[in-house]
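What follows is a single structure, written as structure tokens, with notes after it.
The values are calculated or read from the model by the stated rules, or taken from the named source; none is laboratory data. Here the structure is a predicted model, which is why all the values come from computation and not from measurement. When we count neighbours, we look across all protein chains shown, and the Cβ atoms used for this are built from the backbone with ideal geometry, even at glycine.
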Amino acid sequence: MAREIVLDTETTGLDPRTGHRLIEVACLELEDFIPTGRHFHRYIDPCREIDPEAQAVHGISIDFLRGKPRFEEVSDEFLEFVADAPLIAHNAGFDRNFVNHELGLASRRLLPDTQWIDTLGMAQKRFPGMYNSLDALCKRFKISLAEREKHGALIDCRLLAAVYLELSGGKERGLDLAPKVVAVAALQVAQRNSYGARPRPLAPRSTETERAAHADFIKTALKGGGLWAELGLDEA
């Protein structure tokens, strides 16, 4: 199966070169475009203030982040989760710059440009000249925004996973995957219902005492068994 990672971040501002830092990073694992349920999600203490404009977007305060781990404390776990899978991000250059800036500060390996897939670029090719924010794409593809009041990295990952499926083929892609899902389900049912060859004749379940009592009943209550005896049914 093809493993990919949907990634999103929240930050203190717009540019790591001016000292801005990550405050939240989320990764959602996909296999063949379907979320597996595995994810990586951490809030991060940036050790600096958050620009009011940025806080208005994501709603995360510095008071909430105080005492959370610094990025270097979660960097190894982050890299282990990501591994070498393609990284799906909306306006990927923004997330890549912040992630690699933090990895560099933590003296960890950087994630190469070739590992990133930009869904904004995909949307611009498909819908040239249109507004292609994540919100706009969700509305265009009729993906519910009910759980999203402000930007949050993990919520945005879930939305972006649905958008990425649509940009990659949508319902047609889902039909391509359906035979695989049906085949796996059919195999599981077959394995569950397979009991092996049935022995013939079946082994008796009654005891000798029960069979003797049955025979005595046939002789006494049915006066020798009659038709039962002729058909060989006087034996239990």
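Does Asp95 meet the test of being exposed (fewer than 13 other Cβ atoms within 10 Å of the Cβ) and assigned to a helix (DSSP H, G or I)? Quick ask: steps written out before the conclusion?
Working: exposed (fewer than 13 other Cβ atoms within 10 Å of the Cβ): no; assigned to a helix (DSSP H, G or I): yes.
When the stated conditions are applied, Asp95 does not pass them.
For His151, only one of the following conditions fails: (1) assigned to a helix (DSSP H, G or I); (2) modelled with pLDDT of 75 or more; (3) surrounded by 14 or more Cβ atoms within 10 Å (Cβ to Cβ); (4) not hydrophobic (A, V, I, L, M, F, W, C). What is its number?
Of everything listed in (1) assigned to a helix (DSSP H, G or I); (2) modelled with pLDDT of 75 or more; (3) surrounded by 14 or more Cβ atoms within 10 Å (Cβ to Cβ); (4) not hydrophobic (A, V, I, L, M, F, W, C), His151 misses just condition (1).
Conditions (1) part of a loop (DSSP other than H, G, I, E, B); (2) modelled with pLDDT of 55 or more, marked per residue:
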{"residue": "Lys125", "(1), (2)": "no, yes"}
{"residue": "Met130", "(1), (2)": "yes, yes"}
{"residue": "Ala136", "(1), (2)": "no, yes"}
{"residue": "Glu147", "(1), (2)": "yes, yes"}
{"residue": "Asp156", "(1), (2)": "no, yes"}
{"residue": "Ala162", "(1), (2)": "no, yes"}
{"residue": "Lys180", "(1), (2)": "no, no"}
{"residue": "Val184", "(1), (2)": "no, no"}
{"residue": "Leu187", "(1), (2)": "no, no"}
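With the checklist (1) out of contact with any helix residue (DSSP H, G or I) (no Cβ under 9 Å at 6 or more places or on another chain); (2) over 20 Å from Gly13 (Cα atoms) in hand, flag the one item Arg126 doesn't pass.
It fails just one condition, (1).
Report whether or not Ala123 is in contact (Cβ under 8 Å) with a residue 24 or more places away in the chain, touching an Asp or Glu at 6+ places or on another chain (Cβ under 6 Å) and surrounded by 14 or more Cβ atoms within 10 Å (Cβ to Cβ). Give the derivation first.
Numbers: in contact (Cβ under 8 Å) with a residue 24 or more places away in the chain: yes; touching an Asp or Glu at 6+ places or on another chain (Cβ under 6 Å): no; surrounded by 14 or more Cβ atoms within 10 Å (Cβ to Cβ): yes.
For Ala123, the condition - in contact (Cβ under 8 Å) with a residue 24 or more places away in the chain, touching an Asp or Glu at 6+ places or on another chain (Cβ under 6 Å) and surrounded by 14 or more Cβ atoms within 10 Å (Cβ to Cβ) - is not met.
Can you name every residue in the stretch 84-121 that is farther than 18 Å from Leu14 by Cβ, among the hydrophobic types (A, V, I, L, M, F, W, C) and over 22 Å from the mean Cα position of the chain (by Cα)?
Those that are farther than 18 Å from Leu14 by Cβ, among the hydrophobic types (A, V, I, L, M, F, W, C) and over 22 Å from the mean Cα position of the chain (by Cα): Leu103, Ala106, Leu110, Leu111.
Say whether the condition of being under 24 Å from Asp135 (Cα atoms), in a strand (DSSP E or B) and modelled with pLDDT of 95 or more is met by at least one residue in the stretch 43-60.
First pass over the stretch 43-60, keeping only residues under 24 Å from Asp135 (Cα atoms): 43, 50-60.
Keeping just the survivors that are in a strand (DSSP E or B) gives 43.
After this cut, where a residue has to be modelled with pLDDT of 95 or more as well, the list is 43.
Yes, the stretch 43-60 contains at least one residue that is under 24 Å from Asp135 (Cα atoms), in a strand (DSSP E or B) and modelled with pLDDT of 95 or more.
Select from the stretch 164-178 the residues that are out of contact with any strand residue (DSSP E or B) (no Cβ under 8 Å at 6 or more places or on another chain), of a type outside the set (Lys, Arg) and farther than 14 Å from Arg140 by Cβ and write down the one among them that is modelled with the lowest pLDDT.
Going through the qualifying residues, I end up with Ala178.
Filter the stretch 52-74 down to residues that are in contact with a Leu (Cβ under 9 Å, 6 or more places away or on another chain) and surrounded by 14 or more Cβ atoms within 10 Å (Cβ to Cβ) and give me whichever is farthest from Gly170 (Cα to Cα).
Step one: filter the stretch 52-74 for residues in contact with a Leu (Cβ under 9 Å, 6 or more places away or on another chain), giving 53-54, 71-72.
Then drop every residue that is not surrounded by 14 or more Cβ atoms within 10 Å (Cβ to Cβ), which leaves 54, 71-72.
On the way: Ala54: 32, Phe71: 35, Glu72: 37 Å.
Among residues in the stretch 52-74 that are in contact with a Leu (Cβ under 9 Å, 6 or more places away or on another chain) and surrounded by 14 or more Cβ atoms within 10 Å (Cβ to Cβ), the one farthest from Gly170 (Cα to Cα) is Glu72.
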